[in-house]
Amino acid sequence: APGIVLETLMEGGSGTDSALPTQPDELPDRYEAGTPNTPGIAGVTAGVDLILDEGAAAIRVREDLLAQRLRRGLERIENVALYGPAPSTPSAPVVSLEFAGLPSTEAAFILDRAFGIAVRAGLHCAPDAHRVAGTIDRGLVRLSVGYFTTEAEIDAAIEACTEIAAKATVRS
């Protein structure tokens with residue numbers, strides 16, 4: 001409505017007059033602090049479009065199948081221990097593991113540098129989960145599966161873990 005001036009939620013980074021310590025009075029500049037996160041907005045839009053096009057259920061089924069393939073392959077590797085819910089329990093498409101005698105951070109480094117596989121190592125901002133699992137002193141390696149992960153990538157991760165486990169046990 002004419003004559004109504006809203007308070008700003010945040011200030012700074014005005015592109016109109018960067019020397020001003022406060023937002024300018026003219027609109028719309030008054031309400032545009034900083035540079036908008038255009039790539040982030042585009043990414044969220046693309047994500048929503050994917051969910052609407054494919055359907056959340058179809059995405060979940062694909063991720064579950066890929067995660068099951070990964071779990072089945074990893075559980076067959078000697079000197080690799082898997083952590084997390086039982087296979088029949090609904091869960092996120094994430095697999096946590098450890099290699100016998102190899103710190104999680106070192107295993108993650110090897111997966112990244114030698115195999116080009118990005119994983120997360122450590123306590124994953126969940127110390128209580130690691131206390132329950134008994135891994136608070138060492139953490140775990142976490143592999144995440146996504147909708148765009150391929151079966152070939154899953155198989156490559158299983159093969160990489162097989163190689164690492166074989167070498168890790170030699171070092172112990």
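Return the only residue of LEU66, LEU50, LEU82, LEU97 being outside any loop (DSSP other than H, G, I, E, B), open to solvent by less than 70 Å² (accessible area, probe 1.4 Å), hydrophobic (A, V, I, L, M, F, W, C) and over 30 Å from ARG138 (Cα atoms). Please lay out each step first, then the result.
Details: LEU66 fails: over 30 Å from ARG138 (Cα atoms); LEU82 fails: over 30 Å from ARG138 (Cα atoms); LEU97 fails: over 30 Å from ARG138 (Cα atoms).
Going through LEU66, LEU50, LEU82, LEU97 in turn, the sole match is LEU50.
Residues of the stretch 21-30 that are within 8 Å of GLU11 (Cα to Cα) and in contact with a Ser or Thr (Cβ under 7 Å, 6 or more places away or on another chain): GLN23 alone. Entry remark, the stretch 30-44: residues being at pLDDT below 85, open to solvent by less than 40 Å² (accessible area, probe 1.4 Å) and either within 12 Å of GLU7 (Cα to Cα) or in a helix (DSSP H, G or I) (or both) number 1 in total. I'd like the full set of residues that are outside any helix (DSSP H, G or I) and either open to solvent by less than 70 Å² (accessible area, probe 1.4 Å) or free of Cβ contacts under 8 Å to residues at least 24 places away in the same chain (or both), limited to the stretch 107-132. Across the stretch 107-132, the qualifying residues are GLY116, ILE117, ALA118, VAL119, ALA121, GLY122, LEU123, HIS124, CYS125, ALA126. Looking across the stretch 148-170, just one residue is closer than 30 Å to GLU54 by Cα, without any contact (Cβ under 8 Å) to a residue 12 or more places away in the chain and of a type in the set (A, V, I, L, M), and that is ALA152. Can you find a residue that is farther than 29 Å from ALA46 by Cβ, basic (Lys, Arg) and modelled with pLDDT under 95 anywhere in the stretch 108-115? Checked against the condition, which is being farther than 29 Å from ALA46 by Cβ, basic (Lys, Arg) and modelled with pLDDT under 95, the stretch 108-115 yields no hits at all. Pairs meeting the criteria (first residue in the stretch 19-36 and on the phi > 0 side of the Ramachandran plot, second residue not acidic (Asp, Glu), beta carbons under 6 Å, at least 6 apart or on different chains) are GLY34/GLY13.
Kindly evaluate SER144 against the criterion of being modelled with pLDDT of 95 or more, within 19 Å of LEU70 (Cβ to Cβ) and open to solvent by less than 30 Å² (accessible area, probe 1.4 Å). Walk me through it before giving the result.
On the way: modelled with pLDDT of 95 or more: yes; within 19 Å of LEU70 (Cβ to Cβ): yes; open to solvent by less than 30 Å² (accessible area, probe 1.4 Å): no.
Judged against the criteria, SER144 is not a match.
When ILE154, ILE136 are checked against the criterion of being of a type in the set (A, V, I, L, M) and assigned to a loop (DSSP other than H, G, I, E, B), a single residue qualifies: ILE136. Would you pick out the residues in the stretch 147-163 that are surrounded by 13 or more Cβ atoms within 10 Å (Cβ to Cβ) and either farther than 18 Å from SER104 by Cβ or touching a Leu at 6+ places or on another chain (Cβ under 7 Å) (or both)? Once the filter is applied, which keeps residues that are surrounded by 13 or more Cβ atoms within 10 Å (Cβ to Cβ) and either farther than 18 Å from SER104 by Cβ or touching a Leu at 6+ places or on another chain (Cβ under 7 Å) (or both), the stretch 147-163 yields TYR147, THR149, GLU153, ILE154, ASP155, ALA156, ALA157, ILE158, GLU159, ALA160, CYS161.
The values are calculated or read from the model by the stated rules, or taken from the named source; none is laboratory data. Since the structure is predicted, the reported quantities are computational estimates derived from the model, not experimental observations. Cβ sites come from the backbone with ideal geometry, for glycine too, and all protein chains shown count toward neighbours. For the accessible areas, the whole protein counts, side chains as well, though only heavy atoms, and no ligand, DNA or RNA atoms are used. Shrake-Rupley method; radii C 1.70, N 1.55, O 1.52, S 1.80 Å.
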